[in-house]
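Peer 1: Handing you this structure, nothing more for now.
Every read-out reported here was derived from the displayed coordinates using simple, explicitly stated rules and does not represent laboratory data. Since the structure is predicted, the reported quantities are computational estimates derived from the model, not experimental observations. FYI the Cβ positions are ideal-geometry reconstructions off the backbone, even for glycines, and counts take in every protein chain you see.
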Amino acid sequence: MYVGGNMEKEETKFEDKLNELEKMVSELERGDVDLDDAIEKYTTAMKLAKECSLKLKTAEENVNKILTENGSEEDFTAE
């Protein structure tokens with residue numbers, strides 16, 4: 001029963017995705033997973049790896065920008 005509030009699924013945190021990815025890789029490395037389960041875990045792991053990579057790239061781009069005194073953004077360059 002819906003009582004109210006935000007119905008959108010909250011985005012999984014980066015750390016949670018990374019932990020899930022590490023767990024899946026460990027399970028696959030042990031080799032005690034049947035083929036169908038291994039294929040599913042591999043597919044999910046690749047999706048998580050792509051999401052984590054994109055999140056890191058976006059964060060890096062944001063970190064490499066600075067706000068100037070007038071409030072506009074510029075690419076950061078070390079002098």
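Peer 1: Short version: ³J(HN,Hα) in whole Hz for each residue of segment 28-41, in order, from phi by Karplus 6.51 cos²θ - 1.76 cosθ + 1.60 (θ = phi - 60°), x for Gly and Pro, what are they?
Peer 2: Residue by residue, segment 28-41 yields 5, 5, 5, x, 9, 10, 5, 4, 4, 5, 5, 5, 5, 5 Hz.
Peer 1: Lys and Arg at +1, Asp and Glu at -1: add these up for the other residues within a Cβ distance under 14 Å of G31 and post the number.
Peer 2: Working: positive: R30, K41; negative: E27, E29, D32, D34, D37.
Summing Lys and Arg as +1 and Asp and Glu as -1 gives -3.
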